[in-house]
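The structure appears right after this line, and notes come after that.
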Amino acid sequence: MTARFRHAMLVLSGLMLTAVAAPPKISPRTALVIGNAKYESSVGALKNSVNDAKTVAKTLRGLGFTVIEEHNVTRDELLKSVASFRSKLNGAEVALFYYAGHGISVGGSNYLIPVKSGYNPEGADDTSLRMLAETKLFNAEQVIAEMSAAGGRCNLVILDACRTTPVARNPRSRDITTPGGLAEMKPSAGSLIAFATDAGHTAQDGDGTNGIYTEALLAHLRTPGLTIEQVFKRTRADVMKRTSGAQIPAEYSRLVGEDIYLAGPAPSTLAVTNTSPTDSQPRAMKAEPVKIPTPAAINKLAAAGKSAECIDALRLTTASRGPGDFASAPLDTLLELTKDDLKASDLPPAKIETTMKTCDLVLSAIRDCLPPDHSQKSPLTAKAQNRRGDCLLLLDKAGDALTAYNAAIRLSPDDAYPVFNRGRAHLALGHKEEAKADFTTAASSKFKQTKARKLAQDALSDIP
C-alpha cells in the first residue's frame with residue numbers, strides 16, 4: 001500500500017457525500033394493514049377485525065406512515081399485498097405489518113387464514129396437513145422474511161390473530177376451536193413480533209367497535225413520548241386488567257439501536273418558581289411553556305458544533321410544531337463539522353467516539369424531526385451513515401462499518417463514496433475479492449464523483 005493511498009484513505013474518511021442524486025422516493029414509515037372478518041361458516045366470521053384494521057390504518061397515517069390497507073382478502077390477494085408492501089420497504093426506517101383475523105399453528109409454524117381459503121384439515125395426517133397449510137393459508141414467516149430482506153431499521157409485526165383449527169368457532173373469540181394458539185416466533189435482528197395473547201392461548205374479539213387488544217394498542221400508539229417497547233408494555237397491562245389476567249399479550253423482540261417514538265417525543269414544560277429576595281419559601285410554582293428556539297438560534301448551535309444542544313432544540317421545536325423543514329439545515333451543518341473533524345490525522349479514539357455520537361444524534365433527529373416525505377431525509381441519512389462508517393473504521397470496527405456503508409449505499413446508489421468506503425471496510429476485514437469488486441464499481445464512469453473514482457483506481461492499483 002503506497003503512502004499516497006494511505007493518506008488518501010485518511011482524507012476520504014472525512015469527505016462528505018457530494019452531488020447526491022435524488023433516490024427513489026421511499027416512505028421512512030410504511031405499513032401493511034389487513035383485516036379479515038367475512039370467513040366461511042366452517043371457519044367463523046369475526047365481529048371486529050375489519051374495524052380494527054380501519055382504525056389502525058387511520059392511526060398509522062396520522063403518525064406519518066404510508067399505509068397499504070386491505071380487508072377480507074383471499075390468499076392470492078394477500079400474496080399480492082405483501083409483494084406490493086415489500087417493494088416499498090427498501091431503506092424504510094420503520095416497517096409495520098398488522099393483521100387482524102383468524103390464525104392457526106400447524107407443525108410449529110403460524111399461518112394466517114385468508115377468506116375463502118378452502119382449508120379443510122379433516123382426515124389429514126401430519127404431512128398432508130402441513131401441505132394444506134402451505135397451499136391454502138399464508139405462512140406468517142413469509143412477511144417477516146420479506147421485511148427483514150428489505151433491510152429496514154425497525155420491523156414490527158403485530159398479529160391480533162388466533163388460533164387453532166378451522167373446525168368450530170366462536171364469533172366473539174379469535175379462536176377457531178379449542179384453546180391452542182400461535183406458536184412462539186423468533187424475530188430477526190431489528191424486528192419485534194407482537195401477539196394479541198401469549199403463545200398457546202386465545203384472544204378475545206371484544207364486544208365494542210374494536211377488539212380488546214387493538215383498542216388498548218391504539219390508545220398507546222397515539223401517546224407521545226413512548227418508545228415502541230413502552231407502547232406494548234402498556235398495552236399488555238391494559239389488556240390484562242380488562243380481562244382479569246385471562247389474556248396476556250406477548251412480544252418477541254430483537255430490536256436494536258436508538259429508541260423509536262412512533263408518536264414523537266413528549267412535549268416538554270418547565271416549572272418556574274416565582275420568588276422574591278426576601279421570601280424564605282417559594283411564593284408560587286407556575287408551570288410555563290418552554291420557549292421554542294427560533295431556526296436562527298438552532299442554526300447557531302449547529303454552527304458552533306454544539307450537537308447535543310442543537311438536537312435538543314430540534315426535538316423541542318418538533319414536539320411543539322411537528323416535524324418540519326427547519327431541521328434540515330442544522331443537521332446538514334452538523335454533518336459538515338463531522339467531516340472536518342475526521343480530516344485530522346492521528347485522531348484519538350475519544351474524539352472519534354464523540355464524532356460518532358454526533359452521527360447517531362443526527363440520525364435520530366433526521367428520523368423524528370424531518371417530515372416523512374422531506375426531500376433531504378434520505379440524502380442526509382446516507383451522509384450520516386457514511387460518516388458513521390468512517391468513525392467505526394477508524395475505531396477498527398470494520399464489520400460494523402460495513403453495515404453503515406451498506407445503509408448509505410441503499411439510500412444513495414448513485415454516489416461513489418460509500419461504495420469506495422465499503423471497499424475499504426472489506427479490505428480491513430481481509431475480504432480482498434469483495435474489496436476489489438467495490439473499488440472497481442466505485443471507479444466506474446457511471447459515477448459523477450471524480451475524486452472518489454480516482455481514489456478507487458488508486459486502491460485497485462495497490463492491491464496485489
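Read the figures in this text as sums done on the coordinates, not as results from a lab. Keep in mind that this is a model prediction, so the values were computed, not measured. So basically every Cβ, Gly included, is an ideal-geometry build from the backbone, and we count neighbours across all protein chains shown.
Here are some notes:
- Those residues of the range 327-351 whose amide nitrogen sits under 19 Å from the label point placed on ARG321, 7 Å along Cα→Cβ: 327-334
- Basic side chains Lys and Arg get +1 at the Cβ, acidic Asp and Glu get -1 at the Cβ, and with that the dipole of the range 29-253 about its Cα centre reaches some 620 debye.
- Cross-link partners of LYS446 among aspartates and glutamates (Cα-Cα below 18 Å; sequence separation of 8 or more within a chain): ASP414, ASP415, ASP438, ASP458
- In summary, the lysines within cross-link reach of LYS351, defined as a Cα separation below 17 angstrom excluding same-chain residues under 8 places away, comprise LYS306, LYS339, LYS343, LYS397.
- Set LYS136/LYS241; LYS186/LYS436; LYS432/LYS454; LYS186/LYS383; LYS383/LYS436; LYS47/LYS136 screened for pairs whose C-alpha atoms are more than 29 Å apart: LYS136/LYS241; LYS186/LYS436; LYS186/LYS383
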